[in-house]
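See below for the structure under consideration.
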Amino acid sequence: MNNLITEKVVKTLDAFHLNVQEIVEGFMVGLHKSPYHGFSVEFADYRQYIPGDQIKDIDWKQYAKTDRYYVRRFEDETNVNAYLLVDHSNSMSFTSHNIVKLDYAKTLAAALTYLINKQNDAVGLVAYNEDVSYWQPPKTNQAFIAGIYKKLYELSPEKKTNSIQVLHQIAEKIKKRSLIIIISDLLDEAEELIRGFKHFRYLKHDVIVFHIVDEQEIDFNYKKETIFIDAETKAEVRVFPWQIKTNYQAKYSDFYQHIKEQCSRAKIEYVHFTTQTPLEENLMKYLIKRSKL
């Protein structure tokens, strides 16, 4: 963990906790009671009836057997399941300064793992590019958490992006309603990405999308004739940046605004992080905002 999370990040995380916007199966300690108490959570055991208990909770079959009143108890306090979905396709290798997008994403994922686990909630990791490359179901066990940190540290940019197919594949595999946290540069077809996000919402998951961007991808502030190489296809194109800058920025703005608006309509939380801003600063602003929801 120490290789990914700085002391500043830890101090930021210790000051806040991650609230789940919508009721999911279970609760975050002290915050969320299960909406299924008494009928759809798992039966735990019996205890003897105490005056004041609700009559509806009495198990009459037990009374018939023992001639004593017992009430049923249920597991009404269960952990939230959180899945961290980390894109490590080749497009995440881009940087215009000293922080690669994937390194920023990995540190963010490690920080969220620390935060969620600190609350005694279960966290799992799914790494993906053109397919799912790693799947660790949510756990609270420290050995599994250490495994998540290790895998995040080892992740490197590989293969092409295929978010569209992969998001649908992951959504179909997660059976219990959960907190889904997607960390990606979202370099894919906007409409298809939105369909992938909505698939999770259709299945009643709470969804947060962290869009990781290098500022140069927004500003396109290149001064000289430049050769751009596609990180995934290796195709090259030589351009005079000042000739296409206005058109490029307009298209990027349209892409960004469209995803942001569609996420808002679908009740998906969209978070835009630039890698030039220190992670602890971005996290501080985000957690303050989320704590007020």
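Bear in mind these aren't lab numbers, they're just calculated from the coordinates by the rules spelled out. Remember, predicted model here, so these are calculated numbers, not experimental data. So basically every Cβ, Gly included, is an ideal-geometry build from the backbone, and we count neighbours across all protein chains shown.
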> Going by average Cβ neighbours within 10 Å, how do the peptides 278-289, 86-97 rank, with the highest at the top?
Replying inline: 86-97, 278-289
> Near the amide H of Tyr70, under 5 Å away, which other amide H atoms are found, from residues 5 or more places off or on another chain, if H is placed in the peptide plane?
Replying inline: Tyr49, Asp59, Tyr63
> What is the spin-label model distance, in nm, from Gln54 to Lys175 if the labels are put 7 Å beyond Cα along the C-beta direction?
Replying inline: 2.8 nm
>> Apply the Karplus curve 6.51 cos²θ - 1.76 cosθ + 1.60, θ = phi - 60°, to the phi angles in region 278-290 and return the couplings in whole Hz, x for Gly and Pro.
In response: x, 4, 4, 6, 4, 5, 4, 4, 5, 5, 4, 4, 5
>> Using 23 Å as the Cα-Cα cut-off, could you pick out the over-long pairs in Lys151/Lys267; Lys150/Lys175; Lys118/Lys151; Lys160/Lys245; Lys260/Lys285; Lys173/Lys267?
In response: Lys151/Lys267; Lys150/Lys175; Lys160/Lys245
> Nearest 0.05, what FRET efficiency do Tyr252 and Ser156 give at R0 = 30 Å with Cβ-Cβ as r?
Replying inline: 0.70
> Which whole-number percent is the relative contact order of region 162-220 (Cα, under 8 Å, 6+ apart)?
Replying inline: 44 percent
>> For region 55-146, give me the percentage of DSSP beta bridges that are antiparallel, rounded to the nearest 5 percent.
In response: 45 percent
>> Using 0.36 nm times the number of residues separating Arg265 and Asn98, minus their current alpha carbon distance, what extension gain do you get?
In response: 56.6 nm
> Rounded to the nearest 0.05, what FRET efficiency is calculated for Ile164 and Lys61 with R0 set to 51 Å and r the Cβ-Cβ distance?
Replying inline: 0.50
>> Please list, ordered by chain and number, the residues whose modelled amide H lies under 5 Å from the amide H of Leu85; skip anything fewer than 5 residues away on the same chain.
In response: Val126, Ile181, Ile182, Ile183
> Which of Ala109, Ile145, Phe197 sits farthest toward the positive end of the charge dipole of region 53-202, with +1 on the Cβ of Lys and Arg and -1 on the Cβ of Asp and Glu?
Replying inline: Ile145
